[in-house]
1. Which residue pairs have Cβ atoms under 8 Å apart, sit 6 or more places apart or on different chains, and have a first residue in the range 27-51 that is surrounded by 10 or more Cβ atoms within 10 Å (Cβ to Cβ) and a second that is among the acidic types (Asp, Glu)?
2. Within the range 27-60, which residues are part of a helix (DSSP H, G or I), under 29 Å from ASN6 (Cβ atoms) and modelled with pLDDT under 95?
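The values are calculated or read from the model by the stated rules, or taken from the named source; none is laboratory data. If you're wondering where the values come from, they're calculated on a predicted model, not measured in any experiment. When we count neighbours, we look across all protein chains shown, and the Cβ atoms used for this are built from the backbone with ideal geometry, even at glycine.
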Amino acid sequence: MAEHGNLWTEALARNPEHSKNYAQRWRRLEEAGQDIDGEARLIDAMAERGSRILDAGCGT
């Protein structure tokens, strides 16, 4: 386990700009034409209307 209880707060302790940098990374990917929403669109197309989806995530 991370020193502060979780990896996110540990990253912030090392670099207070971490959140800003993380958000900027996604903006740059999108601006470069990367499909950052493809997984969500795939699940939306596969799931029945009104379905509930639990996205447990796997990290980035």
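1. ILE36/GLU30
2. Matches in the range 27-60: GLY38, GLU39, ALA40, LEU42, ILE43.
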